[in-house]
Structure formats: structure tokens, C-alpha cells
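Worksheet: one structure, shown below.
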Amino acid sequence: MISHVLPTYNRAALSFERGEGSWAIATDGTRYLDLGSGIAVNVLGHANPALVDALTAQAGRIWHVSNLYQIPEQERLASLLVDRTFADTVFFTNSGTEAAELAIKMVRKYWDHAGDPDRIEILTFEGAFHGRSTGAIAASGAEKMVKGFGPLMPGFRHLPWGDIDALEAAVTDRTAAVMIEPVQGEGGIRPLPDQDLRRIREICDRTGTLLVLDEVQCGMGRTGRLFAHEYAGITPDIMMVAKGIGGGFPVGAVLATEAAAAGMVAGTHGSTYGGNPLACAVGARVMDIVADEAFLAEVNRKGALFRQKLEGLIAAHPGVFEGVRGQGLMLGLKCRVSPADLVKACYAQHILTVPAGDNTLRLLPPLNIEDAEISEAVERLDRAASSLA
């Protein structure tokens, strides 16, 4: 007999009733150190007072009016994003998947508007994850996501991860855009080297191809910069953002240059809930905190501390771990054992982690995790690894 909640997740037998900073408290009172942050969402931890204040203050004023009207909170958050990034304009969504759908539409509309409607092919990469909608799974092409959901949206070509020569060879006069994550999340915390991202930008510039970056998971301070592509010193034409931008409140966004968004005129896209006052009030407060250079410097310092301690953990358990990779507080432990088994072992040590592709365990703690909590996390990971060994 099917459950009342559609069983599309293999959920752990854990329920949480409240949270405090880096800790999630289960219904039985057990405290779990949260190194998953709701899959890179809770960038400022659970029940952050600043975000609670922003949400409750807005809730006492107005919740929803729809995009038929101007929304001051939306305009403020859009201005914060434009002032801090390459973008000239922003459209707000409810999720990263919705952001991916709009990014795909924006690319196609750009070329139609430019008088070249046959230029529709979008180049993507093995291991990519852009969401679960039909357009997003077609972009990823992974069998585990597309099997049984055909026919898929046409117009995507999938290339080997990190093979920039293959990318250059694949670009034709029908190539509309390159879509890529600067750091793959679901694919196993795989950062793209800065020189590769710079070369992709050069190829796009030379061929007139749009560059679309998916920073849904690696953006919003996760890597120690507000957005991961900043390390390479390049900018995209279109960028998808979500997860951390709402600090736990559902909100996403597509950022674009004026040129890339030229085809998106009135009536070409819409959202009933996207950019509602509640979401944007919280998002603006997140931006106020996370975009601060001193805050980002702390993310880098804590990321280096965490990585140093993880190197010692790997040395102590060579049969369990192969290495660590990532940037800032977006870290992955490449495993010699099943990441799913390690996640379960972590539950026994009251610690929350997230599995990923390429046999990797994701560590995505709140960006304001304390040094003592990092030490505690590594001690618990050590006990979990010992139980498997």
C-alpha cells in the first residue's frame, strides 16, 4: 500500500523537530551535528535569529501579492544581487530546478530573438545535476534520472567532465550555450580548475556562445567566494542560483546580462510565487550577511581548518577514505567504501552527511559553523570510519 507521501525518497528513519545553529534536534531529543545543511541550503544554520527576525517582520506585513504588482522586497534583493555580480537583471523562482528551466528558456529565446532560431543545442557535462524537471534531466542525461521519462527534451549534448578539448571540438554554428557547474555537487564535489573555466569563457566569446553557470549548490559563499566562478576571474552570461540564497526559505533566481535576457519580454515567463515578499525579505538578509567580505574570509579560514583535520582523518583510515576535495566549506571525502554505508555509520555517531556521485561523501556544514564544532565533526567522522573498518 502506497504511503501518503509519494515514496520517491529512501528516507532515513529520522525526524527533526527543531534546530539550533549547526545542530538538528530529533523528535526524541537527540542532537545531530548537521554537516549537510539540508543539502547546502542552511548557510547560516538552523533558526538563525537574523533570518527569523526578517521572516517574522515580513510575515506581519504582507505575504503574497503575485508578480502582477511591483514587490519592493523583490526589488531590494534583485538590487543586492546586481550590485554584487555580473548581472543586469534577475528573475526569482522557487527552486533551483525552476531556475534551470528558465535558464534553458532564456538561451533558446536569446537566439530566436537574434534571428537564429535553429541555434538551440546546449552543451552539458557528465556528472552534472541541474534539477529534476524534464528539461533539467535532459540537460544532465544521466541514466538514473532519465530512465522511464522519455521522450526527453531535445537539444542537449553531453560531454566528458573536464574535457575542454572535447568541448571546443563540439561547438558548432548550432551551439546555443555551454551549461556547467563550477563545482559539481551531486557529481561528487568536483571543482573545475580555474584555467578550464577561463578557457570555456574564451571559447564562448570566440564562437558567440552563451555561458550558463549553475551555482545552485556552489554559490552563496559556499566555496569562500560569493560565487565560485569568481576564483577564475570570469563572468557568465546567465547564472542559476538557489539553495543557500534563502537560508532555508525556498527561493531561487536566474541572473543575466541585459544582452542575454534580451528576448525575455513581457509574457515570455512567469511565476505565481516566485519572488514573493516572504522569500525576498529572507534572501535580502542572507545577502547582507553572506556577501560581507569578512564573513567570506571566515568561510575560507574554516574551510582550510576543516580540510586540514580531514587530511588527518584520511591518513588514519586509508581503507575507508581515498582523499578530500572541494573548496571552502563545500568538501567531499572520496571513499573506498560505499558512501551510503558511511552515511548510516554517521547517523550512529549523531552526525548528518550527504552522499554524492563518484563514491563521495559530501560535507556541507553551515557557513557559520564554529571551530569547536569542526573538531567535534571530525571526531565523530573518525568514530564512524572506525565502525566500518
Sum up the lysine pairs in the chain that clear both bars: alpha-carbon distance under 25 Å and a spacing of 8 or more or different chains. 13
Among the trypsin sites (Lys or Arg not before Pro) in the stretch 1-53, which ones are in a DSSP loop with at most 16 other Cβ atoms within 10 Å of the Cβ? Mind listing them? R11
In terms of the ratio Rg/(2.2 N^0.38 Å) built on C-alpha atoms, what value belongs to the stretch 31-156? 1.35
Scattering curve values for the chain, log₁₀ I(q)/I(0), Debye with Cα scatterers, q = 0.08, 0.10 Å⁻¹: -0.41, -0.65
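Using only helices, what value at 222 nm comes out for the chain when you add -39,500 (n - 2.57) per DSSP H run of length 4 or more and divide by the total residues, to the nearest 500 deg cm²/dmol? Intermediate values should be presented prior to the final figure.
Details: 12 runs with 144 residues, N = 389.
The helix-only estimate for the chain comes to -11500 deg cm²/dmol at 222 nm.
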DSSP loop (so not H, G, I, E, B), at most 16 other Cβ within 10 Å: list which GluC sites (Glu not before Pro) in the stretch 222-328 pass both filters. E258
Whole-Å distance linking the alpha carbon centroid of the stretch 80-134 with that of the stretch 11-72 is 27
Relative contact order of the stretch 51-290: what whole-number percent is it, with Cα pairs under 8 angstrom and at least 6 residues apart? 32
Along each of the three principal axes of the Cα atoms of the stretch 247-389, give the extent in whole Å, ordering the values from largest to smallest. 59, 31, 28
For the stretch 104-175 the trypsin sites (Lys or Arg not before Pro) that pass both the DSSP coil test and the at-most-12 other-Cβ-within-10 Å test are K147
Rg and Dmax [Cα atoms of the stretch 174-323; Å; Rg one decimal, Dmax integer]: 17.9, 59
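Can you give the FRET efficiency to the nearest 0.05 for D112 and Y273, using r as the Cβ-Cβ distance and R₀ = 30 Å?
0.65
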For the chain, give the share of DSSP beta bridges that are antiparallel, in percent and rounded to the nearest 5; count only bridges with both residues there. 65
Note: the stretch 246-307, point scatterers on Cα, Debye, no solvent; log10 I/I(0) at q = 0.22, 0.30 Å⁻¹ equals -0.98, -1.15
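All of the numbers you see were taken from the coordinates with simple rules; none came from a lab. Just so we're clear, the structure is a prediction, and the values are computed from it rather than from any experiment. So basically every Cβ, Gly included, is an ideal-geometry build from the backbone, and we count neighbours across all protein chains shown.
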